[in-house]
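The values are calculated or read from the model by the stated rules, or taken from the named source; none is laboratory data. The structure presented is a predicted model; accordingly, all values stated were derived computationally and were not measured. Neighbour counts run over all protein chains shown; Cβ positions are idealised from the backbone, glycine included.
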Amino acid sequence: MKRIGMLTSGGDCQALNAAMRGVVKTLDNSKEEVEIYGFLDGYKGLIYGKFQMLTGRDFSGILTKGGTILGTSRTPFKTINDPDENGLNKVEAMKQNYYKLQLDCLVILGGNGTHKTANLLSKEGLNVVTLPKTIDNDLWGTDMTFGFQSAVNIATDAIDYIHTTAASHARVFIVEIMGHKVGWLPLNAGMAGGADIILIPEIPYDIDKVIDKIEERDKRGSRFTIIAVAEGAISKEDAKLSKKDYKKKLEKQVHPSVSYEIAAAIQEKTGREVRVTVPGHMQRGGSPCPYDRVFASRLGSEAGKLILEGQYGFMVGYKNREIVKVPLEDVAGKLKTLDPEATIIQEAKMLGICFGD
Ligand code: F6P
């Protein structure tokens, strides 16, 4: 008999349910008897002992369902060692619930912050297996996270829709794309949607270079320009600021986001009509794309295998087209950013895409 605790933590994404289904189906199809404890709303469920007993049937019919059947929340790692408002030690509370329920292991699905806490729990002696979720694709130790491809599809659709209206009105359009502090999602959606300019955090932009590209397109007779802007895009001047000064600048910022700041600068310097579209959380919503359904199911089933073999302390990841197990301590606290010299960026540049550098 194996007693498995399962939780989803951090921002949701597509294919969380598909991944959990993969784990449970694999366990169910083995000779091992299993009990599943589904902790609700992320680490909060484990801290406060809020869980539901689940069976294989609860994971049936959820392959295509977006979101997470367990609910999720953000429990920042930064304050994980601080007592809660009632003085409760959160890490001790998680350990106590784990031991009280006599769990054999925890299956944790999450992104960067989630992995820091998962690693901490593993170091504290709990058996942990994790799965890499996030639309940002910024998790170290895996070439791909599930949720990413689904979000690329949605962000690409957004750019596709903007294309037709931008062409009709001869406007400059900015589509702001999620991705937190990295550019995987804006780069891929931008290329897939045929954006003329893509601005990502890893390549700080010069607004004059962006304007040069718009004017060059004007001269060539292109009536419109599409700019895919990462929510974390940063100008060359801002990139030179210390973290503290940049934070101060953002506090005084009159624009709701970097896209609006860029739009205002273009409008002021060129007199062109600029519009901003922010698809926002739509990018995390809806059902997973077929790629993510297969990918998350594969990762989930490999996690099930690790549990059956009693191998703990790993994230199930994907490297060089192989499913791999990566030690949690190698994953935790590292961000997988895009290399500005990566071949995909060079290829995008050869295609004429401007990065504002
Ligand atoms: O990490 C996923 C993500 O959607 C990022 O792309 C984005 O910056 C952030 O989460 C938004 O967080 P929240 O849902 O808490 O507003």
| query | Does Thr156 fit the bill of being crowded, with 24+ Cβ neighbours inside 10 Å, over 14 Å from the mean Cα position of the chain (by Cα), within 16 Å of the ligand (Cβ to nearest atom) and outside any loop (DSSP other than H, G, I, E, B)? | reply | no
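To keep it simple, each residue is scored yes or no on (1) crowded, with 19+ Cβ neighbours inside 10 Å; (2) touching a residue at least 40 places away in the same chain (Cβ under 8 Å); (3) assigned to a loop (DSSP other than H, G, I, E, B).
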{"residue": "Lys44", "(1), (2), (3)": "yes, no, no"}
{"residue": "Met53", "(1), (2), (3)": "no, no, no"}
{"residue": "Gly71", "(1), (2), (3)": "no, yes, yes"}
{"residue": "Gly87", "(1), (2), (3)": "no, no, yes"}
{"residue": "Tyr98", "(1), (2), (3)": "yes, yes, no"}
{"residue": "Gly113", "(1), (2), (3)": "yes, yes, no"}
{"residue": "Thr130", "(1), (2), (3)": "yes, yes, no"}
| query | Say we look at the range 221-243 and pick out the residues that are among the charged types (D, E, K, R) and either within 15 Å of Ser257 (Cα to Cα) or at pLDDT below 95 (or both); which of these is nearest to the ligand (Cβ to nearest atom)? | reply | Glu231
| task | Report, by residue number, each residue of the range 63-121 that is of a type outside the set (S, T, N, Q) and under 16 Å from the mean Cα position of the chain (by Cα). | result | Gly66, Gly67, Arg74, Pro76, Ile108, Leu109, Gly110, Gly111, Gly113, His115, Lys116
| Which of the residues that make up the range 18-39 are in contact with a Gly (Cβ under 9 Å, 6 or more places away or on another chain) and free of Cβ contacts under 8 Å to residues at least 24 places away in the same chain? | Asn29
| field | Some residue of the range 162-176 being at pLDDT 95 or above, within 15 Å of the ligand (Cβ to nearest atom), over 30 Å from Phe51 (Cβ atoms) and not assigned by TED's automatic domain parsing to the domain that holds Arg298 | value | yes
| request: Can you tell me which residue among Gly61, Gly66 is in a loop (DSSP other than H, G, I, E, B), without any contact (Cβ under 8 Å) to a residue 40 or more places away in the chain and either in the same structural domain as Thr134 (by TED's automatic domain parsing) or in contact with a His (Cβ under 6 Å, 6 or more places away or on another chain) (or both)? | output: Gly61
| remark: Counting only residues that are farther than 15 Å from Val129 by Cα and in a strand (DSSP E or B), the range 2-38 contains a total of 2
| request: Pull up the range 75-85, narrow it to residues that are exposed (fewer than 13 other Cβ atoms within 10 Å of the Cβ) and within 16 Å of the ligand (Cβ to nearest atom), then point me to the one that is farthest from Thr134 (Cα to Cα). | output: Thr79
| task | Kindly provide the set of residues from the range 233-282 that are under 30 Å from Gly61 (Cβ atoms) and either surrounded by fewer than 17 Cβ atoms within 10 Å (Cβ to Cβ) or touching a Gly at 6+ places or on another chain (Cβ under 9 Å) (or both), ordered by number. | result | Gly280, His281, Met282
| query | If we scan the range 17-38, do we find a residue that is of a type in the set (Val, Ile, Thr) and either within 16 Å of the ligand (Cβ to nearest atom) or at positive phi (or both)? | reply | no
| Residue selected from the range 132-153 under the condition in a helix (DSSP H, G or I) and aliphatic (A, V, I, L, M), by the criterion farthest from the ligand (Cβ to nearest atom) | Val152
